[in-house]
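This report concerns only the one structure given below.
Every read-out reported here was derived from the displayed coordinates using simple, explicitly stated rules and does not represent laboratory data. All figures in this text were calculated on a predicted structure; none of them were measured in a lab. As a convention, Cβ positions derive from the backbone with ideal geometry for all residues, glycine included, and neighbour counts pool all protein chains shown.
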Amino acid sequence: MKRESVLRISAIIHRDLVERTLQKLAQNGVQYVRLEAGRYPILKKRGRLVFDFYGNHPILDTPVSILEILVEPKSEDWIMNLIKESAELNLPGHGSIYSEEISLIHPIFSALVVKREIHSLKKTKAFGFSNLTGIFCILPRGSADSISRSLLQNGIGVPTISYGTGTGIRDRLGLLRITIPKEKEILKLCVHTSDAEYVLDFIIDIGKLDLPGRGFIFEYPIKRGLLNTKLSLEDTKQTASIDQIISALDLLHGNMEWRKKSNQFRSGARLRNYFNGVNVHLNCSEGTIETVLSVLRKAGVGSSTISKNKILELSSSARENEVEYTPARDSADLLIPKSSLPEVLNLLEEIKFYGNEFEGMVQTEDIPRAFSYQSRTLKKK
């Protein structure tokens, strides 16, 4: 099966700005976009009572859509600038965008990946900032708000939350599975790379991820990005809000290095028994993912998280090889050892995952650092 290195561009955009962004992408010949619903938590204004300054800051949810587009490296700046301009992502609260280097496994590579000839590309400056790390966390439903509140109150960043369903681990916990909800929340966050270890440790502590059934967390490398700085709705009596000032300083410095927190946090980070591996992202037609996961579990693949999303066809005139995908989709993320990847890929080919029944596609990404309850218990052994 064909395997190619591509860039995955993820844009988290306020729902009111999505339609015009999709129109702009369609006008520029982008064929397919993966779309998922999510939310941005933001701190509401505090009340006037004294105790409001000491406890739980109320949270307001901002509805967002998560857009994912696969592109060739030479098209990265063009697509990211296109989305930035369409959704005005330079304004705090409008959203974030970042790119990752992944491997795509699919029989018809050209059908999914945006590619433009070099001579047809407008000259665009290098987009966004580097030295960023993404954090991906699976949590029991209802746990994300308390973690988000702590992240926002400490100025760490604005997380994105979407929803999924857990599989695998509950079946192996006996009676304990009754206490572990099947419904999950998926929390993603982008931070400066020098702060990644602290933020991992911070979320593990706040979310109690060192306890059974509380979820898992991993970091992944980000190539470039532009991040939302809108942390709260607090009133400002100045001409510019603190969010606008932070965005302006990012542009002035040309990077986010100036706001890294690693020096003040380094002494507080604990030693964790992290492990590494590969994140395998499966995407297939709706209602078929359980069949795929049951086959992989028989081969020793552990827990996974299923989420719902759509593939939108924006420009059918650009369709190649008469490829057409069922819009309603299932996705699953599997974190596995690198040594297990060849076996997993072979099993997917055996069940014809890329054929008409599943309409499957696979994205893989190396994960340098991950943590779960199992990794904590391994340390004790």
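For the cross-link pairs LYS188/LYS310; LYS2/LYS182; LYS298/LYS352; LYS223/LYS310; LYS84/LYS115; LYS74/LYS188, which exceed 28 Å when the distance is taken from alpha carbon to alpha carbon? LYS2/LYS182, as the Cα separations exceed 28 Å there.
When each of the peptides 198-204, 335-341 is scored by how many other beta carbons lie within 10 Å of its residues on average, the order from highest to lowest is 198-204, 335-341.
For ILE108, project a label point 7 Å along Cα to C-beta. Then give me every residue of region 292-317 with its amide nitrogen under 17 Å of that point. Residues passing the 17 Å test: 311-317. In this label model, GLU88 and LYS208 are separated by 4.3 nm, measuring between points 7 Å along each Cα→Cβ vector.
Determine, from the Cβ-Cβ distance of GLU357 and GLU101 and an R0 of 25 Å, the FRET efficiency 1/(1 + (r/R0)^6), rounded to the nearest 0.05.
Numbers: r = 30 Å, r/R0 = 1.21.
E between GLU357 and GLU101, to the nearest 0.05, is 0.25.
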